[in-house]
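The values are calculated or read from the model by the stated rules, or taken from the named source; none is laboratory data. Owing to the predicted nature of the structure, the values given are computational and were not obtained by experimental measurement. Cβ coordinates were reconstructed from backbone atoms using ideal geometry, including for glycine residues, and neighbour counts include every protein chain displayed.
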Amino acid sequence: MMSLSKNYFTVTIFFIVGISLFWLSVRNIEFVRFFETIKAIKIKWLLFSVFLGYFAFILRALRWKLMIEPSGYNVRVSKLLHSVVFGYLFNSIIPRSGEIVRCSTLSKSNNIPISSLIGHVILERLIDILVLCLCLILVLFLNFEQFISFSNFFKIPWTLIISLASLAIIFILILKKSFFLNEAFSKKITSFYNGIKDGFMSFNLLRNKLIFIFYTFLIWLCYFLMTYLCFFCFEELKTLSFQNGLFVMVAGGLGMIVPTPSGIGSYHFLVIKSMSVLSIGNEISTFYALTVHTSQTLMVIIGGLISMYFLYVSNESQL
């Protein structure tokens, strides 16, 4: 019960953080002007961006299949795709819940150990962070002055944060000492650890690592193009370059790391700040962030509901 209450508390806190950042981002714009601007945008670029967002899901499913195959399981790409999109639907409601949901869904339907699938997902997330860091380094070289201006927006007391986090961990360990030393709990942890290790080891067992790397490259190319092509929706943004697009993509990626529902607020805030250092006005920056985030969120919701139908309703009707 305490664990459940803690989860609700965490979700509520980050929901409030997201809403607060969203309000800070949009408080000075007129939504009448926003809807007038939306009517005038070139919709083909927005639709192309949404298509690329869904195509990135397909690539993630294909990459996941490569990781599962060494374990001897043969899963249809369509099943993997629906599990991935369904997981993202849950992420848009409860941050970080989608990873567990997509693994449990696939585990139940294909009898694959969930710990192994979670190992795959953790590996995916580590790869995503690594690629985002590489993009961040590239941005530092290509947009050095803008990046310094962007980073100056945030004065984070890292020493204080690390100290408080360390004290909190020590305090929790002292309180839960008997729980952690419990034999049954230790066995569960060992079993779970072995499953996650198997998931990590799947990379070493891949039959074609180059294809895995190629899929990863294509996924992030989709993310970049999703960001860059939406510049052409607005007359004021058409002059922005590829390197500016990379800069905005990285800012948006950092926003999506913050565990707010669907990155709401954190994505808008950081994208608007990144565009402000590119000398783009606050109004058009806000319109851009709202347009990209809303279109991608709607795609996830619609795609997630369709995937839920194929995963559950369609399967039950075939029994």
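Output the residue which, of all residues in the stretch 111-159 that are β-branched (Val, Ile, Thr) and more than 15 Å from GLY253 (Cβ to Cβ), is modelled with the lowest pLDDT. I'd like the intermediate steps shown before the answer.
Residues of the stretch 111-159 that are β-branched (Val, Ile, Thr), as a first pass: 112, 114, 118, 121-122, 127, 129, 131, 137, 139, 148, 156, 159.
Now drop any that are not more than 15 Å from GLY253 (Cβ to Cβ), which leaves 112, 114, 118, 121-122, 148, 156, 159.
Working: ILE112: 81, ILE114: 80, ILE118: 81, VAL121: 83, ILE122: 82, ILE148: 77, ILE156: 49, THR159: 54.
Only one residue fits best here, namely ILE156.
Output the residues belonging to the stretch 66-86 that are assigned to a helix (DSSP H, G or I) and at pLDDT below 90. Step through it out loud before you land on a result.
If we filter the stretch 66-86 for residues that are assigned to a helix (DSSP H, G or I), which is where we start, we get 66-71, 77-86.
Those that are assigned to a helix (DSSP H, G or I) and at pLDDT below 90: LEU66, MET67, ILE68, GLU69, PRO70, SER71.
Being surrounded by 13 or more Cβ atoms within 10 Å (Cβ to Cβ), at pLDDT below 90 and closer than 28 Å to GLU145 by Cα narrows it down to one residue among GLY245, GLY255; which is it? Let's see the steps before the verdict.
On the way: GLY245 fails: at pLDDT below 90.
After ruling out the rest, the residue left standing is GLY255.
Would you call VAL50 surrounded by fewer than 17 Cβ atoms within 10 Å (Cβ to Cβ) and in contact (Cβ under 8 Å) with a residue 60 or more places away in the chain?
Details: surrounded by fewer than 17 Cβ atoms within 10 Å (Cβ to Cβ): no; in contact (Cβ under 8 Å) with a residue 60 or more places away in the chain: yes.
Against the criterion (surrounded by fewer than 17 Cβ atoms within 10 Å (Cβ to Cβ) and in contact (Cβ under 8 Å) with a residue 60 or more places away in the chain), VAL50 does not qualify.
Could you tell me whether LEU311 is within 30 Å of ARG76 (Cβ to Cβ), crowded, with 18+ Cβ neighbours inside 10 Å and touching a Phe, Trp or Tyr at 6+ places or on another chain (Cβ under 8 Å)? Steps first, answer last, please.
Details: within 30 Å of ARG76 (Cβ to Cβ): yes; crowded, with 18+ Cβ neighbours inside 10 Å: yes; touching a Phe, Trp or Tyr at 6+ places or on another chain (Cβ under 8 Å): yes.
It is true that LEU311 is within 30 Å of ARG76 (Cβ to Cβ), crowded, with 18+ Cβ neighbours inside 10 Å and touching a Phe, Trp or Tyr at 6+ places or on another chain (Cβ under 8 Å).
Within the stretch 14-42, which residues are more than 24 Å from ILE257 (Cβ to Cβ), free of Cβ contacts under 8 Å to residues at least 40 places away in the same chain and in a helix (DSSP H, G or I)? Before the answer, list the steps.
Taking the stretch 14-42 and keeping what is more than 24 Å from ILE257 (Cβ to Cβ), we get 28-42.
Then drop every residue that is not free of Cβ contacts under 8 Å to residues at least 40 places away in the same chain, which leaves 30-32, 35-36, 39-40.
PHE31, VAL32, PHE35, GLU36, LYS39, ALA40, listed by residue number.
For a quick check of your reading of the model, give me the residue pairs whose first member lies in the stretch 125-154 and is exposed (fewer than 13 other Cβ atoms within 10 Å of the Cβ), whose second is assigned to a helix (DSSP H, G or I), with beta-carbon atoms closer than 6 Å and at least 6 apart or on different chains.
Hits for this filter: PHE153/LYS273.
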